[in-house]
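Just below is one structure, and these are the notes that go with it.
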Amino acid sequence: MLIVTTDTINGKTFEPIELVEGAVTQLINLGKGFTAINSWGTGGELEAYSELIMQACQIARGKIIQQAIALQADAVVGYRCVISDSSKGGIVNVYAYGTAVKYV
């Protein structure tokens, strides 16, 4: 399934089918959370949080793909992924969306 952030696909004409969306809320596991907190003061990347965000985005994108396939779409255009987190315990919320389209 082709997923693009643009509203067009070079060389393709298509009609929109409908909005597809996926939402995920994840909590970082306790062991990784301590590692991230311990590295907080060093100014480096918080790898555990980065990994958590990437996993949540992949899950949300998978939900979009499942919906698009169920709609018999050829692609998803206008893909966006909005990420918010909570400083209270490593909770990450991801909302992803796009428009499922059919080539004409």
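Read-outs: derived from the displayed coordinates by stated rules, not from any lab. Since the structure is predicted, the reported quantities are computational estimates derived from the model, not experimental observations. Heads up, the Cβs are rebuilt from the backbone with ideal geometry, glycines too, and the neighbour counts pull from every protein chain shown.
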Would you mind checking which residues have amide H under 5 Å from Ala73's amide H? H placed 1.01 Å from N; only 5 or more apart, or other chain. none
Output ³J(HN,Hα) for the stretch 98-104: one whole-Hz value per residue in order, computed from phi by the Karplus curve 6.51 cos²θ - 1.76 cosθ + 1.60 with θ = phi - 60°, and x for Gly and Pro. x, 10, 6, 10, 10, 5, 10
Summed side-chain charge close to Ile53 - residues other than Ile53 whose Cβ falls under 12 Å, Lys, Arg +1, Asp, Glu -1: -4
